[in-house]
Amino acid sequence: MDRWLWAVRLTKTRPDAAAACRGGHVRVNGHPAKPATTVSPGDEVRARVGDTTRVVEVVRVIQKRVGAADAATCYLDRTPAPPPLAAVPVARRERGAGRPTKRERRVLDRFRAGDR
């Protein structure tokens, strides 16, 4: 499992893939996967990579790392689309900009009053 995750470029390094397996972040067909778990074509692999959970179906099993174009042919990506971002604008100040001026406070107060 860890070798396949690394070979198809779902993780950057093989130790990262093994750590994800040991940490319970990888599941094969709904069951937790150990680094030595074998995969076969047709298996569904759920791997939490960074902040996202990738859902892929194994098409071809490879042992060695290949180019990105070849790696993409080894699985079908079934990851659901991320939820849309909030459409409501949020008033934010740049970090380090200091306290708002009197004019900026009035604008913020008008903005907040419109939300009620």
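The values are calculated or read from the model by the stated rules, or taken from the named source; none is laboratory data. All values derive from a computational prediction rather than experimental measurement. Virtual Cβ from ideal backbone geometry, glycine too; neighbours counted across all protein chains shown. Accessible surface areas use protein heavy atoms only, side chains included; no ligands, DNA or RNA. Shrake-Rupley method; radii C 1.70, N 1.55, O 1.52, S 1.80 Å.
Which ones in segment 11-24 are part of a loop (DSSP other than H, G, I, E, B) and either without any contact (Cβ under 8 Å) to a residue 24 or more places away in the chain or open to solvent by 90 Å² or more (accessible area, probe 1.4 Å) (or both)? Full working, then the answer.
Within segment 11-24, the subset part of a loop (DSSP other than H, G, I, E, B) is 11-13, 23-24.
Within segment 11-24, Lys12, Thr13, Gly23, Gly24 qualify.
Within segment 9-18, track down each residue that is aliphatic (A, V, I, L, M) and touching a Phe, Trp or Tyr at 6+ places or on another chain (Cβ under 6 Å). Steps first, answer last, please.
Going through segment 9-18, the residues aliphatic (A, V, I, L, M) turn out to be 10, 17-18.
Residue satisfying the conditions is Ala17 alone.
Give segment 1-10 a look and list any residue that's open to solvent by 60 Å² or more (accessible area, probe 1.4 Å) and either assigned to a loop (DSSP other than H, G, I, E, B) or acidic (Asp, Glu) (or both), or say none. Break it down into steps so the answer makes sense when it comes.
The initial filter retains those residues of segment 1-10 that are open to solvent by 60 Å² or more (accessible area, probe 1.4 Å), namely 3, 6, 9.
Arg9, the sole residue that qualifies.
Look through segment 25-46, keep the residues that are within 18 Å of Cys74 (Cβ to Cβ) and under 14 Å from the mean Cα position of the chain (by Cα), and return whichever of them is most open to solvent (accessible area, probe 1.4 Å).
Among them, the one singled out is Arg46.
Within segment 59-95, restricting attention to residues that are in contact (Cβ under 8 Å) with a residue 12 or more places away in the chain and more than 30 Å from Ala36 (Cβ to Cβ), which residue is least open to solvent (accessible area, probe 1.4 Å)?
Out of the qualifying residues, it is Ala91.
Within segment 47-58, can you find the residues that are farther than 17 Å from Asp2 by Cβ and surrounded by 14 or more Cβ atoms within 10 Å (Cβ to Cβ)?
Scanning segment 47-58 gives a single hit, Val55.
Kindly indicate whether any position in segment 96-104 is in a helix (DSSP H, G or I), touching a Leu at 6+ places or on another chain (Cβ under 6 Å) and either acidic (Asp, Glu) or surrounded by 10 or more Cβ atoms within 10 Å (Cβ to Cβ) (or both).
Of the residues in segment 96-104, the ones in a helix (DSSP H, G or I) are 102-104.
Applying the additional criterion that residues be touching a Leu at 6+ places or on another chain (Cβ under 6 Å) yields none.
No, because not a single residue in segment 96-104 is in a helix (DSSP H, G or I), touching a Leu at 6+ places or on another chain (Cβ under 6 Å) and either acidic (Asp, Glu) or surrounded by 10 or more Cβ atoms within 10 Å (Cβ to Cβ) (or both).
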